[in-house]
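The values are calculated or read from the model by the stated rules, or taken from the named source; none is laboratory data. Note that the structure is a prediction, hence the values are computed from the model and not measured. FYI the Cβ positions are ideal-geometry reconstructions off the backbone, even for glycines, and counts take in every protein chain you see. For accessibility, only protein heavy atoms count, side chains too; no ligands or nucleic acids. Shrake-Rupley method; radii C 1.70, N 1.55, O 1.52, S 1.80 Å.
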Amino acid sequence: MANDIDTLVDMGFSRGKVQKAWKATNGAGLQPAMDWLLANPNVSDEPEEPTEQALGAAATTTGDEQQKEGSSAAGNEEGNLLCNSFSALYVTRHLITLLGEIKDGEQTAQSLICNDCSKLFRDAASAERHATKTSHQNFSESTQAIAPLTEEEKKAKLAELKARLAEKRAAKAEQEKAERKQEEKIRRKAGQDMSVAKQNLEEKEIKKAFEQKKREKEQERIAKAKVKAQIEADKKERAAKREAAKRVQQETQAAAAVASAQSAPAASAGVKREYTDARLQFRVPGTAPLTNTFPADTTLKQVNEFLQSNGCDRPFTLSMTFPRKTFGEDDLNKTLKELNLVPSSALVLSYTA
């Protein structure tokens, strides 16, 4: 038994696993222990309690050694009872061997046999594994003892076990390779997904920047349009002012020409004509020119009252463009004749408030 355990340990199994396999197979031998180890690869390496065979072997020690063991286990009653039971079993087996041949009816079951294929098994665990592999269900006890393995058989079993271990290692390596390959695929897929997400994000950022640039251009276009419209309005306003100034200048020149034409005949005749009326034209801001004929002896104050009655209700002054003159407070009581506004004249009305 010890050699079988050492053989399994030499094959690469831990002693804790070998002890568990030996206990599970009830010390059936090398082959059942190997089968159990291969069927239970995930068992822990923690050491097991002493097996039945170990306890039985301990019962073969000398009387002095048994006395020492009994004295050392005095404090553990349950351990002593268990050791005594296995010792009695061992002694009984040896007594049967010493008595000679076993008679009919005295035989005990030495193994289990499969009635479907006639294969012998050392213990129920081996028979159960056989049933699992082959689906055979018919088993019975057998008095036929299974001979221990020879050295050649042990070597063959060892070679078989090594081959099976190599096969399992190769299968495990292949599985790990497939797992690494699958992990690599997952990693690459994750990298591709990350690249796609990054590309989508960059595209969104580019689109966002493009839209922002488009909005800025639109705002710039609107601002330029406003500036251009303001420039056009300023141009139109300046043109209107120039047109108004030009019209005033033309009217002034026309009035001067009328005055020159009227004074020329008088000068050529050498006789000063007496006029009794004065025809006055008033240029009022924001309205059409206002024209009216006044008696020559009408005062400027009366003329102002006439203008006030015609809508010029704010303070204002009157002036001539040719010759240039602005009438003040001192001229209000003077007549149109005294102010040289006869027979006609053009006056400019300017609001002072």
- Simple spin-label model, 7 Å along Cα-to-Cβ: GLU243 to SER44 in nm? 10.9 nm
- For ASN138 and ALA190, what is the calculated FRET efficiency with R₀ set at 51 Å and r taken between the beta-carbons, to the nearest 0.05? 0.40
- With label points built 7 Å along Cα→Cβ from the Cα atoms of ARG180 and GLU152, find their separation and express it in nm. 4.3 nm
- Message: Need one number: nm distance between label points at ARG279 and VAL227, each 7 Å from Cα along Cα→Cβ, rounded to one decimal.
- Response: 5.5 nm
- Given the Cα-Cα distance of GLU205 and LYS119 and 0.36 nm per residue of separation, how much length would full extension add, in nm? 23.3 nm
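FRET efficiency for LYS198 and ARG15, Cβ-Cβ distance as r, R0 = 41 Å, nearest 0.05?
The value I calculate is 0.15.
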- Which of LYS23/LYS177; LYS20/LYS172; LYS204/LYS228; LYS17/LYS154; LYS301/LYS337; LYS213/LYS236 have a Cα-Cα distance over 25 Å? LYS23/LYS177; LYS204/LYS228; LYS213/LYS236
- Query: What part of the accessible area of the stretch 202-353, given as a whole %, is carbon or sulfur when the probe is 1.4 angstrom?
  - Reply: 53 percent
- Query: Taking Cα centroids, how far is the stretch 274-319 from the stretch 320-353 in Å?
  - Reply: 9 Å
- Burial-style ranking of 299-312, 238-251, average other-beta-carbon count within 10 Å with highest first, yields 299-312, 238-251
